[in-house]
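Visitor: Next up is a structure, given as structure tokens.
The values are calculated or read from the model by the stated rules, or taken from the named source; none is laboratory data. Bear in mind that the values here come from a model prediction, so they are computed numbers and not experimental data. Backbone-built Cβ (ideal geometry, glycine too); neighbour counts: all protein chains shown.
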Ligand SMILES: Nc1ncnc2c1ncn2[C@@H]1O[C@H](COP(=O)(O)OP(=O)(O)O)[C@@H](O)[C@H]1O
Ligand SMILES: [Mg+2]
């Protein structure tokens, strides 16, 4: 064994992060929207910021996108500091902002062509790439349509296609499916999952725990500008919740009283306005105990723990208010 070579080999095997933030801070006057957060994103990773409205997700994304300057801390994107290398960074990113900002005066395909020209790409290359991306976004048959005529889900897919025109090294997605109906969300998740499979580095924000569970390899839970926890969806659930949750409803005025009586059942109990959540590795067994005490919930349901339970545990609040 060659001891001296080993450390060197290990260090070359760990790829340099494509994004690195230390004590990253953003203040608007004396209000702190991002309060000193640390994270790194590895190449090819699908990384998420999960948190409720006002957590500071969009503010963080705008700093990563080199369109908003940080107040304090360190930030590098692809090894570059956005304070000094904004244009260089922006040319290597694809950005899907929270609000679609498509050009409504242009038709679907022309939105891609015009955007490609901003990057100074050759026309032939832009045209080929636009057609590929329209196929990918399942909009090929809408290429000549006005943007106004598209559904919300189609507009979102067009914004994603547009963000990919420069073959970016990192794709930033700020709340990719907020406001879409369930079917449109599933179509979008499928497209994003394909990008992930191809090795595109994705950084996304969401307040939907199911979106984070579906798409993120790793995520940070953010609240009030701070990181509350970090890990893969499965490890967060393992670290901060039980395997299962028993949800019981006793009727609007009776949940608090029932909560008193079932104290000691399960590992932990959360009292919500409309139901009790009993955390346990075996929800059915806890339900049997409750029934044996002579309590009869109107409805009961055993489910697996989710990132929503993690957030509730960390903050005492729900992700979606
Ligand atoms: N331009 C701004 N000026 C002042 N306050 C802002 C500005 N942008 C965002 N904020 C505030 O910063 C906080 C975080 O906002 P934001 O980053 O948009 O959160 P999120 O995207 O997680 O919902 C909110 O309280 C918001 O009102
Ligand atoms: Mg936001």
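Visitor: Tally up the residues in the stretch 23-38 that are within 14 Å of ligand 1 (Cβ to nearest atom) and either assigned to a strand (DSSP E or B) or in contact with a strand residue (DSSP E or B) (Cβ under 9 Å, 6 or more places away or on another chain) (or both), please.
Guide: Summing the residues that are within 14 Å of ligand 1 (Cβ to nearest atom) and either assigned to a strand (DSSP E or B) or in contact with a strand residue (DSSP E or B) (Cβ under 9 Å, 6 or more places away or on another chain) (or both) in the stretch 23-38 gives 11.
Visitor: Given 201, 206, which one is over 11 Å from residue 49 (Cα atoms) and either touching a residue at least 40 places away in the same chain (Cβ under 8 Å) or within 16 Å of ligand 2 (Cβ to nearest atom) (or both)? Even if it seems obvious, please write down each step before you answer.
Guide: Numbers: 206 fails: over 11 Å from residue 49 (Cα atoms).
Exactly one of 201, 206 is over 11 Å from residue 49 (Cα atoms) and either touching a residue at least 40 places away in the same chain (Cβ under 8 Å) or within 16 Å of ligand 2 (Cβ to nearest atom) (or both), namely 201.
Visitor: Residue 15 fails exactly one of the following numbered conditions: (1) part of a helix (DSSP H, G or I); (2) away from ligand 2 (no atom under 16 Å from the Cβ). What is the number of that condition?
Guide: In the conditions (1) part of a helix (DSSP H, G or I); (2) away from ligand 2 (no atom under 16 Å from the Cβ), residue 15 misses (1) alone.
Visitor: Only one residue in 55, 130 is modelled with pLDDT of 95 or more and in contact with a helix residue (DSSP H, G or I) (Cβ under 8 Å, 6 or more places away or on another chain), so which one is that?
Guide: 130
Visitor: Quick check on my filter: what residues within the stretch 144-170 are crowded, with 16+ Cβ neighbours inside 10 Å and assigned to a loop (DSSP other than H, G, I, E, B)? Give the derivation first.
Guide: First, the residues of the stretch 144-170 that are crowded, with 16+ Cβ neighbours inside 10 Å: 147, 150, 153-166, 168-170.
Correct list: 150, 164, 165, 166, 168, 169.
Visitor: Now a separate question. Against the definition (within 18 Å of residue 48 (Cβ to Cβ) and within 16 Å of ligand 1 (Cβ to nearest atom)), how does residue 192 come out, yes or no? Lay out the reasoning, then the answer.
Guide: Working: within 18 Å of residue 48 (Cβ to Cβ): yes; within 16 Å of ligand 1 (Cβ to nearest atom): no.
So residue 192 fails the test.
Visitor: Take the residues of the stretch 95-118 that are more than 16 Å from residue 155 (Cα to Cα) and loosely packed, with under 14 Cβ neighbours inside 10 Å: which is modelled with the highest pLDDT?
Guide: It comes out as 117.
Visitor: In the stretch 194-221, what residues are closer than 20 Å to residue 77 by Cα and in a strand (DSSP E or B)?
Guide: 201, 202, 203, 204, 205, 218, 219, 220, listed by residue number.
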